[in-house]
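Step one of this worksheet: look at the structure below.
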Amino acid sequence: MAGPRSMVAPTAAEAELLLLQTQALAEEEAAKAKRELLTRFLQDKLSREEQSSMWGLHKVRTLWRSAQRKTKDQELRQDIEILSQTFSRVMDCKDGVIETLVSDLKEAEEQQNRALRSHLHLMDQLLHLQRCRLGYLEEGFNAQVDALKAEFEAERKTILEQQDWESCCLQDMARASEQDHARNDHEAMLNFQSARDDIKNKCWQDQQYSQLQLAARLEGLWDQIQKARRSYAQAMERKKVEFEELKKKCEKSSREIDTQATKLQMLQDMVTTTKSQMAAHLQESEEQIQNLRDDKDHALQNLQKLRAQVSQAGATAHTHLVTLTCQCSATLKVLQQVVQKAQRILRLAEMCRRLETEEEKVLPFYRSSLDEWEQQKVRRVMEEIPSEPLAGALRDYVGLERFWQRFNKVKLEEKALERAQAALANRNQDLRKLLQQYLAGVATNQKVPKDTQLLLTIKKKLGPQK
């Protein structure tokens, strides 16, 4: 009987151990299920929070953009109002200046008419006095002419004989002076031609060297020069027609003046010739000798001047060549700088085209914020001819308006992105703080299952002891 009782005792203990083990396994499985449920719940919660944060950021961005658009619209409208006020003030000032100028012109025209009337009245008086004076002079002249004719005929024969003899002497001296002048001129021409040939050879060598360097670069400049020449030719034709009209008017007036002047001059010449002939015959012989000496001295001075001019011409030609070479080198440098600047602009334009989005490629310029009547007013102002030099200079840069529009658009987008980046950085810091707080709370919650495992191990140890 003892044997079966001893067999029953261990079986009961084993059954209790099996029950404890099954309970422990069931508790572990329940704990695992709880952990999985917690992780799924936390993952769902994180996904929901991420979605809500994305929606919140999207709403914040839309609100920020709308606020920025409203503020920018207000600023642009204020700027337009200020510009319209300044434009109206400038127009009022210009109208006042124009009115003052018109009044000044009227006063100047009245003064000119008064001065013209007074001048014409004085001219009429002078003409009347001159006519009376000419009548008296004509009467005295006729009396003097009759008295002088007799003396003139007597002296004429002697003067003619003396003139023939003196003319022969003067012709001989003139031939000798011409031969000396021709000989000196020939020597000067030979020296000048030799110096000119040397300068031409040097200039030809420099010109070939510069032409080889500038041939490829001057083609573009030649087109520009041709265009400028055509425009200049057209302008010159217009000016030529105006000049011919003015020339015809001037010829008519000059003919009238010449006729009046010739009449007066003839009368005065006749009076002066009769008086001068009487005094000239006495000093004529002495003056002729003195004139010959003066001509000789003058010829020598002219020869010296010609030699000095030849030397100066050589020096000026050399200086001109030096200045031409310096100017050519300076133009080459300037052209190189222009080419480099153009290449840099083209590179930047290519980079900008590559960085453009599809929307900017389709619509590169944003629509204007002005109304239709404001745009029409701006067009009228732009169509008016500017009177100030600054406004005229600004009209030369109207073609860059589209560029400034795109530039301002990019600047505005850059500023908006910087502000959005700063807001996102602040938002990111806040989210990181919240995430750290959330992870700290999750870590404290995960400590509870670990305590349950300790209780299970204690139960396992107490079970065999029983």
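Brief remarks follow.
- Options Gln312, Thr11, Met351, ranked by Cα towards positive dipole end of the chain, top entry (Cβ charges): Thr11
- Per-residue extension of 0.36 nm, minus the Cα-Cα distance of Met91 and Ser53, leaves a gain of 8.1 nm for this segment.
- Protein heavy-atom accessible surface, 1.4 Å probe, per residue over the chain: 89 Å².
- Placing a label point 7 Å from the Cα of Ala195 along the Cα-to-Cβ direction, the residues of the stretch 301-327 whose backbone N falls under 16 Å from that point are 303-322.
- Spacing of the two label points (7 Å from each Cα toward its C-beta) at Leu17 and His128, in nm: 16.5
- Option label - Rg and Dmax of the Cα atoms in Å computed here, alternatives (1) 24.1, 93; (2) 23.4, 69; (3) 56.2, 210: (3)
- The slack between Ala143 and Lys252, meaning 0.36 nm per residue of separation minus the straight C-alpha distance, is 35.5 nm.
- Heavy-atom accessible surface of the stretch 58-124: percent carbon and sulfur, 1.4 Å: 59
- Modelled FRET efficiency - R0 30 Å, Gln343 with Arg230, Cβ distances, 0.05 increments: 0.55
- When the Cα positions of Leu264, Ala279, Ala299 are compared along the charge dipole of the stretch 260-306, Leu264 comes out farthest toward the positive end, with charges on each C-beta of Lys, Arg, Asp and Glu.
The values are calculated or read from the model by the stated rules, or taken from the named source; none is laboratory data. Everything quoted here is computed from the prediction, not taken from an experiment. Ideal geometry is used to build each Cβ from the backbone, glycine not excepted, and the neighbour counts take in all protein chains shown. Protein only, heavy atoms only, side chains kept; ligands, DNA and RNA dropped before computing areas. Shrake-Rupley method; radii C 1.70, N 1.55, O 1.52, S 1.80 Å.
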